[in-house]
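The values are calculated or read from the model by the stated rules, or taken from the named source; none is laboratory data. Fair warning: this is a prediction, and the values are worked out from it, not measured in the lab. Glycine also receives a Cβ, built like all others from the backbone with ideal geometry; neighbour counts cover every protein chain displayed. Note: accessible area is taken over every heavy atom of the protein model, side chains too, but ligands, DNA and RNA are not part of it. Shrake-Rupley method; radii C 1.70, N 1.55, O 1.52, S 1.80 Å.
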Amino acid sequence: MHGIIIPNGLCFERHHSGIAIIDPNDFQLMLHGMVDKPLIFSMEDLKRFPSVDKFHFLECSGNGATEWKGATFNSVQFTHGLIHCVQYTGVSLRTLLRECGVKPKGKWLLVEGGDASGMNRSLPLEKALDDCMVAYAMNGEMLRPEQGYPLRLVVPGWEGSMWIKWLRRIEVGDMPWHTREETSKYTDLMPSGQSRQFSWVMEPKSVITSPSPEKPVLQKGQQNITGIAWSGQGKIKRVDVSTDGGKNWRPAKLQGPIISKCLTRFNFNWDWNGQPALLESRAIDQTGYVQPTLNVLRKERGTNSYYHNNAIQTWHVNASGKVDNVQT
Ligand SMILES: Nc1nc2c(c(=O)[nH]1)N[C@H]1C(S)=C(S)[C@@H](COP(=O)(O)O)O[C@H]1N2
Ligand SMILES: [Mo]
């Protein structure tokens, strides 16, 4: 992985029930419920609205889930690969909602996909009006079937499961629907025995992509430690790098552009003396939030959590330059 934009063919995919094959000529998006005027849009209708272009990451909240219980995969792709970052083109949801007029009592949206799982989630109206969009293109080409062709929802900074693909229906209501994907799934079981629900925001996180298990250190001397950082709360402000397992930290160089709710690349010069090392990165975002260690996360959230692991990742470099996933 280079830079911050992932080519469409290299983006990870997650589908709960396979890929829906939808003929764009038959496609319809319905907006109804607590609205002044229920509307049905065809793809041609949607493309007549002013279009917007936005760069955003999408991270599945299950990214890193297996690491709660130990260092399980010796691969940066398996520990951190459920994320992509692309440019979307489409229509802002605000524009569509204005077109049908939301009644004063309307506070939530049910967003529903046209795949076999009919995946659906409750989305607060406030977020929908803030920065959500319906996208028909990705990195300059039409969405691929895997990514929701012909239309998907973009929910910047929020967990991937909210980004409904093959989006066919939006219903306005006054309460959340408490669907399967926000009750039995995508909640976080806390040490108290209670579950945290609606944990939408992807908290600040970073990872060194090279060196990594897939990218061993090939020789002594000057190395470029490079990686990516992101935050669902806004822009990345700083990334620190440690080569001694978090005892000492120094700021990395951030590579622009630095875009809100988008990947930011960082680079750090390292003169490797051939001794074993523990490489770590920690992200700090515009709110001042500092990426936590896994031990801190475990203290707060226990070990029954599955989603939302945004802990600092440690790579152990041994004397031969081989890199392993370890927890300290
Ligand atoms: N209709 C529908 N939308 C969906 C899903 C799905 O199974 N069906 N999976 C969700 C989940 S859990 C994630 S992480 C993202 C993955 O998006 P991607 O396949 O473009 O990476 O899509 C979300 N949208
Ligand atoms: Mo996901």
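Key figures
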{"quantity": "Flag if Leu125 is hydrophobic (A, V, I, L, M, F, W, C) and within 20 Å of Leu31 (Cα to Cα)", "calculated": "yes"}
{"quantity": "Top-ranked residue of segment 138-159 - restricted to ones that are more than 13 Å from ligand 1 (Cβ to nearest atom) and open to solvent by less than 10 Å² (accessible area, probe 1.4 Å), ranked as farthest from Asp53 (Cα to Cα)", "calculated": "Gly157"}
{"quantity": "Residue among Trp108, Trp158, Trp163 that alone is closer than 16 Å to Leu31 by Cα and touching a residue at least 40 places away in the same chain (Cβ under 8 Å)", "calculated": "Trp108"}
{"quantity": "Search result, residues across segment 291-318 that are over 24 Å from Lys127 (Cα atoms), under 18 Å from the mean Cα position of the chain (by Cα) and not polar (S, T, N, Q)", "calculated": "Pro292, Tyr306, Ala311, Ile312"}
{"quantity": "Residues of segment 285-310 satisfying the condition of being open to solvent by less than 10 Å² (accessible area, probe 1.4 Å) and either in the same structural domain as Asp188 (by TED's automatic domain parsing) or among the small types (Gly, Ala, Ser) (or both)", "calculated": "Ser305"}
{"quantity": "Flag if Glu112 is in the same structural domain as Val134 (by TED's automatic domain parsing), of a type in the set (Asp, Glu), within 15 Å of Glu13 (Cβ to Cβ) and within 16 Å of ligand 1 (Cβ to nearest atom)", "calculated": "no"}
{"quantity": "Those residues of segment 62-104 which are over 14 Å from the mean Cα position of the chain (by Cα), open to solvent by less than 20 Å² (accessible area, probe 1.4 Å) and among the aliphatic types (A, V, I, L, M), in sequence order", "calculated": "Val91, Leu93, Leu96, Leu97"}
{"quantity": "Answer from Glu13, Glu59 - the residue that is modelled with pLDDT of 95 or more, within 16 Å of ligand 2 (Cβ to nearest atom) and open to solvent by 20 Å² or more (accessible area, probe 1.4 Å)", "calculated": "Glu13"}
{"quantity": "Neighbours by Cβ (under 9 Å, 6+ apart or cross-chain): first from segment 13-41, not assigned by TED's automatic domain parsing to the domain that holds Gly62 and within 11 Å of ligand 1 (Cβ to nearest atom); second hydrophobic (A, V, I, L, M, F, W, C) and modelled with pLDDT under 95", "calculated": "none"}
{"quantity": "Among (1) within 21 Å of Ser231 (Cα to Cα); (2) modelled with pLDDT of 95 or more; (3) surrounded by 15 or more Cβ atoms within 10 Å (Cβ to Cβ), the one test that Pro7 misses", "calculated": "(3)"}
{"quantity": "Cβ pairs under 6 Å, 6+ apart, first in segment 190-212 and open to solvent by 50 Å² or more (accessible area, probe 1.4 Å), second modelled with pLDDT under 95 and part of a strand (DSSP E or B)", "calculated": "Ser195/Leu189; Arg196/Asp188"}
{"quantity": "Tally, over segment 120-129, of residues that are open to solvent by less than 20 Å² (accessible area, probe 1.4 Å) and in contact with a helix residue (DSSP H, G or I) (Cβ under 7 Å, 6 or more places away or on another chain)", "calculated": "4"}
{"quantity": "Boolean, Leu263 is in the same structural domain as Asn318 (by TED's automatic domain parsing) and over 17 Å from His84 (Cα atoms)", "calculated": "no"}
{"quantity": "Residue ranges of strands (runs of 3 or more DSSP E) in segment 222-328 with at least 3 members hydrophobic (A, V, I, L, M, F, W, C) and under 24 Å from Thr66 (Cβ atoms)", "calculated": "277-285"}
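Each row is one residue, and each column tells you yes or no for (1) on the phi > 0 side of the Ramachandran plot; (2) within 16 Å of ligand 2 (Cβ to nearest atom); (3) surrounded by fewer than 18 Cβ atoms within 10 Å (Cβ to Cβ).
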site	(1), (2), (3)
Ile164	no, yes, no
Glu171	no, no, no
Lys220	no, no, yes
Gly232	no, yes, no
